[in-house]
Amino acid sequence: MHWLLVYFYVFDVSFVLALILTPAFKRLSFEWKYVDEPDQERKIHTQSMPLLGGAAIFCAFAANVLFNYVVVLPLASRVDLPFIDMPDVKMYLDGAFTVWPKLLVILVGGGLMVALGMYDDKHELKPQAKLVAQVVIASLVALAGIRITAFIPNRFVNDLMTVLWIVTITNAMNFLDNMDGLCAGIGLVCAGLFGFIAGMQHQYFVCLMAMTLAGALLGFLPHNFKPATIFLGDAGSHFVGYMLAVLPICVTFYHRGKTPTLLPILIPLLVLAVPLFDLVMVMWIRIRRGQPVYRGDVNHLSHRLVRLGLPQSWAVTLIYLITLTLGLGATMLLWSQMTAALIIIVQSLCILAIVTLLERLGGK
């Protein structure tokens, strides 16, 4: 119960910071000329829109993490603070100081993704250059020790999988940032699911990071949900995608002797199935039409749902619910025997099949 209070604390701090910082970054967007102009094709907004929403989210996230790690934790370890008089929390305080290298890597990587996105928002990087920069940042994370293992005892393969995973999820969320509230809302749902999974397994570090991110996204969402008054920008979609890639890398999904099957390693794929599915479908459509895969269009899942007749806000909410449904089903893999786990996976595939049918209808 005490850990729940800690989770709510970091969530609330991020929420309040993002709620306060976002209006300030709206003004800075215009002062620094980080604005998105309408073009009547994909960008259907009618006026110049500020683009520094991602910077607001990152600042809320980083400020919360650094303040608690630099100020609150050292104080709590030395002084009996009344509001931290929690024996089951205090016993982990010393261990909290041992994770600072991992914490630093996550923050630096996130900051670099934000910087890359801000540069792209201002100067429109070539897709190849942006991809190379993403690979470099992901490689630094892998080389620093945050990497996928997936039961493969080969360092090179582990690093390669890590780089591919981070770059793929980052671009999937970047592609998904095509409608008011969509990328931030999906990020909120996925961060909440990863936090829930980590918390259920007493992996406190990951849960705290996930709740910190979720709070920042929720504080930003009122400014971004339709009608949006500020956009995430590439800085925001890059940061959200990067964090959603790194968080599950830090989670241990399989515990020898406790987890009935090896299938929990599929949990990140199911939680992030919607952005990954959208990425694959959009790339497939563009390849079939002979278009560059990096050139934006209106063939995303959200656009197709709108073409079916759903208002934008309903289409976005429906995608939230699909993501939540897939993610909640995925959590059951932690405790399910083989038969039940296979049923969960088949059910998830059926949901994606339904989405595919909706996409085909919306494409006509």
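The values are calculated or read from the model by the stated rules, or taken from the named source; none is laboratory data. Just so it is clear, the structure is predicted and the values come from calculations on it, not from any experiment. A quick note on method: Cβ atoms are made from the backbone with ideal geometry, for glycine too, and the neighbour counts reach across all protein chains shown. Accessible surface areas use protein heavy atoms only, side chains included; no ligands, DNA or RNA. Shrake-Rupley method; radii C 1.70, N 1.55, O 1.52, S 1.80 Å.
When a 1.4 Å probe is rolled over the protein heavy atoms, the share of accessible surface on the stretch 212-328 that falls to carbon and sulfur comes to 65 percent. Listed values (i) 68, 52, 45; (ii) 77, 54, 42; (iii) 60, 55, 38 include one computed from this model; for Cα extents along the principal axes in Å that value carries the label (iii). From most to least packed by mean Cβ count within 10 Å, the peptides 155-166, 11-22 give 11-22, 155-166. Entry note, the chain: the mean residue ellipticity at 222 nm calculated from DSSP H runs of n ≥ 4, each adding -39500 (n - 2.57), is -23000 deg cm²/dmol after division by the residues and rounding to the nearest 500. Placing +1 on the Cβ of each Lys and Arg and -1 on the Cβ of each Asp and Glu in the chain, which of Leu19, Ala56, Phe277 has its Cα farthest towards the positive end of the resulting dipole? The residue sitting most towards the positive pole is Phe277. From Cα pairs below 8 angstrom and at least 6 apart in sequence, can you work out the relative contact order of the chain, rounded to a whole percent? About 22 percent, as a whole number.
Given R₀ = 30 Å, what would the calculated FRET efficiency be for Ala129 paired with Ser48, taking r from the Cβ atoms and rounding to 0.05? Please report the intermediate quantities before stating the final value.
Working: r = 26 Å, r/R0 = 0.85.
With R0 = 30 Å, the Cβ-Cβ based efficiency is 0.70.
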